[in-house]
1. Taking the stated definitions as given, is residue A:22 surrounded by 20 or more Cβ atoms within 10 Å (Cβ to Cβ) and either within 10 Å of chain B (Cβ to nearest Cβ) or at negative phi (or both)?
2. Examine region B:114-128 for a residue that is surrounded by fewer than 16 Cβ atoms within 10 Å (Cβ to Cβ), within 27 Å of residue B:301 (Cβ to Cβ), within 14 Å of chain A (Cβ to nearest Cβ) and more than 11 Å from ligand 1 (Cβ to nearest atom), and state whether such a residue exists.
3. So which of A:29, A:80, A:99, A:35 is closer than 26 Å to residue A:7 by Cα, away from every other protein chain (no Cβ under 14 Å) and not in a strand (DSSP E or B)?
4. Across region A:119-136, what is the total count of residues that are within 12 Å of another protein chain (Cβ to nearest Cβ) and buried (at least 18 other Cβ atoms within 10 Å of the Cβ)?
5. Looking at the structure I just gave you, is residue B:35 more than 14 Å from chain A (Cβ to nearest Cβ) and either surrounded by fewer than 19 Cβ atoms within 10 Å (Cβ to Cβ) or at pLDDT 95 or above (or both)?
6. Can you say whether residue B:28 is without any contact (Cβ under 8 Å) to a residue 24 or more places away in the chain, more than 16 Å from ligand 2 (Cβ to nearest atom) and within 14 Å of another protein chain (Cβ to nearest Cβ), as far as the supplied structure shows?
7. Give region A:44-60 a look and list any residue that's crowded, with 23+ Cβ neighbours inside 10 Å, outside any strand (DSSP E or B) and either facing chain B (nearest Cβ under 10 Å) or more than 16 Å from the chain's Cα centre (by Cα) (or both), or say none.
8. What residue, among those in region B:223-258 that are over 12 Å from the mean Cα position of the chain (by Cα) and within 14 Å of chain A (Cβ to nearest Cβ), is farthest from ligand 3 (Cβ to nearest atom)?
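The values are calculated or read from the model by the stated rules, or taken from the named source; none is laboratory data. Source: prediction; values computed, not measured. Here the Cβ positions follow ideal geometry from the backbone for every residue, glycine too, while neighbour counts run over all protein chains shown.
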Ligand SMILES: Cc1cc2nc3c(=O)[nH]c(=O)nc-3n(C[C@H](O)[C@H](O)[C@H](O)COP(=O)(O)OP(=O)(O)OC[C@H]3O[C@@H](n4cnc5c(N)ncnc54)[C@H](O)[C@@H]3O)c2cc1C
Ligand code: FES
Ligand code: FES
């Protein structure tokens, strides 16, 4: 039950938080920092909607004790566009990550409950693998449940975003 | 959101402190937490102090020892294992087994030690508390009945770690740290009782797995409901050495059908000392099927899991024989 102060960097901002030993990262993000974009789906690691980046790697915040990630860097769905803006200096602040825009256009969002997790996993894939194949996309999203879309539109959104992001950097092609 | 019940967490930075903390009543090892934390969310484990191994840097390393053995620290993540060049090349069956666990997020968090020590699972037990309330407490919950096997006096929950059969087939050795550090073949850490399924005493923990310098060839196969994420309904690994025109020293091991991995010795005898014809492979699969007696505590039914065992062993043996005939390099 021990409570103590811990440091955590969330979406580029340093926080000092009073956290109990058993608090999960999901709980701290939602209930202390009021970042409600990250969803609480199953709370047992089965659905993927609580996915955030921990030092850039997609991780399930519901099965991660906050104290075990003391001092590390977290990006949530609220910080994805900000991260993207910082990633591409000179282009100015971004209102959305290209995958967010693509998800809306491709009909990849219905009830939207799975979307934050899908986008965090998809954006990490696009960062590491600029032109992912269909199998790579399916693999990257394999820990994410969607009860609405049937997945096709979500996979398509990642492909759409990949295509646009590729066009934006022709020198790398 | 339901918070977890109050717990205390400690992260010692020296092995002696870890041993002392783990010797206390109610202490449990916290590795990646991808099994323990969901368990706590459903009020399954009874521990009240979590002793994290994350402060012991040596436990994260994967390195070759002086005698050529590969030493994998218990805190190496499954993702570390999947991408490690020495493992991909020298011990690909282990990389395949690690890749078969959960999702990318779970592999980034889950460790090899946690996979080997994974709590046993049962369809009647691994459920939310409200669901469990409808049933009398079972052996694991301090009761006196097993809902999967009412005639049994012990718990028959399923050992569900996917890397276990691969490690057995690769003849891995477990290194346990405690007051008296010891090493033993990995198979010997499993008791066969679903409630206390590990021969790891309070005050002890798994520190590393050591793999032979010249490993046998091996193959791993898994069967599950959804290919994307689920726990195994059955898994299997086989290994053997190809020498003087024949397979030698075969190991056939099936897991996720009981509280401990099962060596299929009858199949091993059948496979020793020859190349593997189709008939021989099918016969070995039949022997494996007859060697397992799963209870009705998985997600899929008993007969299906038994038939799956046959298929898994046949395919794993087939993988090895095909690879020998037409090496992919
Ligand atoms: C949705 C979901 C799907 C999953 N699918 C699979 C699957 O397909 N296959 C599979 O094998 N697993 C699966 N898992 C379980 C789990 O993610 C993995 O087994 C993982 O490798 C566990 O490692 P960990 O480090 O997270 O373990 P933890 O949760 O930290 O620990 C697991 C158990 O082992 C004990 N322990 C851990 N390390 C040690 C040690 N070094 N010494 C002694 N005891 C130790 C802990 O006390 C605990 O009881 C799944 C989990 C979830 C939530
Ligand atoms: S809420 Fe974390 S995986 Fe479902
Ligand atoms: S959009 Fe509803 S769960 Fe995916």
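1. Working: surrounded by 20 or more Cβ atoms within 10 Å (Cβ to Cβ): yes; either within 10 Å of chain B (Cβ to nearest Cβ) or at negative phi (or both): yes.
The answer is yes for residue A:22.
2. Keep residues of region B:114-128 that are surrounded by fewer than 16 Cβ atoms within 10 Å (Cβ to Cβ), which gives B:127-128.
Next, only the ones that are within 27 Å of residue B:301 (Cβ to Cβ) stay: B:127-128.
The next check asks that each one be within 14 Å of chain A (Cβ to nearest Cβ); those that pass are B:127-128.
If we keep only those that are more than 11 Å from ligand 1 (Cβ to nearest atom) as well, we get B:127-128.
Yes: region B:114-128 contains one or more residues that are surrounded by fewer than 16 Cβ atoms within 10 Å (Cβ to Cβ), within 27 Å of residue B:301 (Cβ to Cβ), within 14 Å of chain A (Cβ to nearest Cβ) and more than 11 Å from ligand 1 (Cβ to nearest atom).
3. Details: A:29 fails: away from every other protein chain (no Cβ under 14 Å); A:99 fails: closer than 26 Å to residue A:7 by Cα; A:35 fails: away from every other protein chain (no Cβ under 14 Å).
Exactly one residue qualifies, and that residue is A:80.
4. Qualifying residue count for the region: 5.
5. On the way: more than 14 Å from chain A (Cβ to nearest Cβ): no; either surrounded by fewer than 19 Cβ atoms within 10 Å (Cβ to Cβ) or at pLDDT 95 or above (or both): yes.
Considered against the rule, which asks whether it is more than 14 Å from chain A (Cβ to nearest Cβ) and either surrounded by fewer than 19 Cβ atoms within 10 Å (Cβ to Cβ) or at pLDDT 95 or above (or both), residue B:35 comes out as no.
6. On the way: without any contact (Cβ under 8 Å) to a residue 24 or more places away in the chain: yes; more than 16 Å from ligand 2 (Cβ to nearest atom): yes; within 14 Å of another protein chain (Cβ to nearest Cβ): yes.
It is true that residue B:28 is without any contact (Cβ under 8 Å) to a residue 24 or more places away in the chain, more than 16 Å from ligand 2 (Cβ to nearest atom) and within 14 Å of another protein chain (Cβ to nearest Cβ).
7. Answer for region A:44-60, where residues must be crowded, with 23+ Cβ neighbours inside 10 Å, outside any strand (DSSP E or B) and either facing chain B (nearest Cβ under 10 Å) or more than 16 Å from the chain's Cα centre (by Cα) (or both): A:45, A:47, A:48, A:50.
8. To start, the set of residues in region B:223-258 that are over 12 Å from the mean Cα position of the chain (by Cα) comprises B:223-230, B:233, B:238-252.
Keeping just the survivors that are within 14 Å of chain A (Cβ to nearest Cβ) gives B:224-230.
On the way: B:224: 22, B:225: 19, B:226: 16, B:227: 19, B:228: 15, B:229: 15, B:230: 19 Å.
Here the answer is B:224.
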